[in-house]
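To start, the structure under review is shown below, and the notes come after it.
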Amino acid sequence: GEDVEQSLFLSVREGDSSVINCTYTDSSSTYLYWYKQEPGAGLQLLTYIFSNMDMKQDQRLTVLLNKKDKHLSLRIADTQTGDSAIYFCAETNTGFQKLVFGTGTRLLVSP
Amino acid sequence: NAGVMQNPRHLVRRRGQEARLRCSPMKGHSHVYWYRQLPEEGLKFMVYLQKENIIDESGMPKERFSAEFPKEGPSILRIQQVVRGDSAAYFCASSRDSFISPLHFGNGTRLTVT
């Protein structure tokens, strides 16, 4: 079946850039997503990218997709302490939103 | 415009009892999805419903679990005869369409089975 993998932890200093990486196995993925989860809360959609795109930028967020290597990354510029959370990568290849999630990367931003 | 509303936020049940989790989708959304998050894991798809119909329940255990989304009222995820392994966070999401529009998640129901 499909699999999505992420590194477990990332620690950065406030003001630095953060890069969170994700690899997936399903070559027929159509949409790839980044979600943010703060403690005790649900998932907040940050951004998503269609599989025929290489890059998408949205304010401080940049998503890069390498379809050949099945690698997705999320770059957060000028990381703030409020960005501390768990970030989930997810993909889908079905006609509806049956997402396959990674295990999440816990981002810790120190002042 | 209220988001996806789930209740209760926390639910404690003893082994063998029933758990009922409720989800009201965002206004204008007719597609509902349930996901389960076990401790330290990502979310796993359970079931996808439209009004009065189950579209895909491939991620839901065959025994003890059921879901519905009636014509009126919230979607309900029901777990009968709960066991300790059912302890998890259960998230509901909704979308306007089945494909293009992204999912909006609720804050989840954290079920603890004692």
Within the range B:20-35, residues being surrounded by fewer than 22 Cβ atoms within 10 Å (Cβ to Cβ) and of a type outside the set (S, T, Y) number 6
Exercise for the section: Take B:R110 and decide whether it is part of a loop (DSSP other than H, G, I, E, B) and either at pLDDT 95 or above or under 16 Å from A:G40 (Cα atoms) (or both). Expected result: no
Reported set for the range A:6-25 where residues are more than 10 Å from chain B (Cβ to nearest Cβ) and either crowded, with 16+ Cβ neighbours inside 10 Å or outside any loop (DSSP other than H, G, I, E, B) (or both) is A:F9, A:L10, A:S11, A:V12, A:R13, A:S18, A:V19, A:I20, A:N21, A:C22, A:T23, A:Y24
In the set A:S51, A:S84, the lone residue that is among the polar types (S, T, N, Q), without any contact (Cβ under 8 Å) to a residue 60 or more places away in the chain and in contact with a Phe, Trp or Tyr (Cβ under 9 Å, 6 or more places away or on another chain) is A:S51
Pairs returned, first residue in the range B:65-87 that is touching a residue at least 24 places away in the same chain (Cβ under 8 Å), second residue that is in a loop (DSSP other than H, G, I, E, B) and of a type in the set (S, T, N, Q), beta-carbon separation under 7 angstrom, 6 or more apart or interchain, are B:V82/B:Q17
In the set B:R36, B:R15, B:R20, the lone residue that is assigned to a loop (DSSP other than H, G, I, E, B) and within 22 Å of B:S87 (Cβ to Cβ) is B:R15
Note: among A:L65, A:L99, just one is of a type in the set (A, V, I, L, M, F, W, C) and either over 26 Å from B:S58 (Cβ atoms) or under 12 Å from the mean Cα position of the chain (by Cα) (or both), namely A:L65
The residue that is nearest to B:L21 (Cα to Cα), considering only those in the range B:53-85 that are acidic (D, E) and touching a strand residue (DSSP E or B) at 6+ places or on another chain (Cβ under 8 Å), is B:E68
Residue count, the range A:1-48, condition closer than 25 Å to B:V4 by Cβ, in contact (Cβ under 8 Å) with a residue 24 or more places away in the chain and of a type in the set (S, T, Y), comes to 6
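The rows are residues; the columns are (1) at pLDDT 95 or above; (2) aliphatic (A, V, I, L, M); (3) assigned to a loop (DSSP other than H, G, I, E, B).
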{"site": "A:S28", "(1), (2), (3)": "no, no, yes"}
{"site": "A:N52", "(1), (2), (3)": "no, no, yes"}
{"site": "A:K68", "(1), (2), (3)": "no, no, yes"}
{"site": "A:A90", "(1), (2), (3)": "no, yes, no"}
{"site": "A:L107", "(1), (2), (3)": "yes, yes, no"}
Considering the range B:1-43, residues that are at pLDDT below 95 and more than 16 Å from the chain's Cα centre (by Cα), and then whichever is nearest to A:E2 (Cα to Cα), we arrive at B:E41
Could you go through the range B:71-87 and let me know if any residue there is within 14 Å of chain A (Cβ to nearest Cβ), part of a strand (DSSP E or B), surrounded by 13 or more Cβ atoms within 10 Å (Cβ to Cβ) and among the small types (G, A, S). no
Per the filter on the range A:58-81, residues exposed (fewer than 14 other Cβ atoms within 10 Å of the Cβ), free of Cβ contacts under 8 Å to residues at least 40 places away in the same chain and more than 14 Å from chain B (Cβ to nearest Cβ) are A:Q59, A:N66, A:K68
Out of (1) more than 14 Å from every other protein chain (Cβ to nearest Cβ); (2) closer than 19 Å to B:V113 by Cα, the one B:E40 does not meet is (1)
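The values are calculated or read from the model by the stated rules, or taken from the named source; none is laboratory data. Since the structure is predicted, the reported quantities are computational estimates derived from the model, not experimental observations. When we count neighbours, we look across all protein chains shown, and the Cβ atoms used for this are built from the backbone with ideal geometry, even at glycine.
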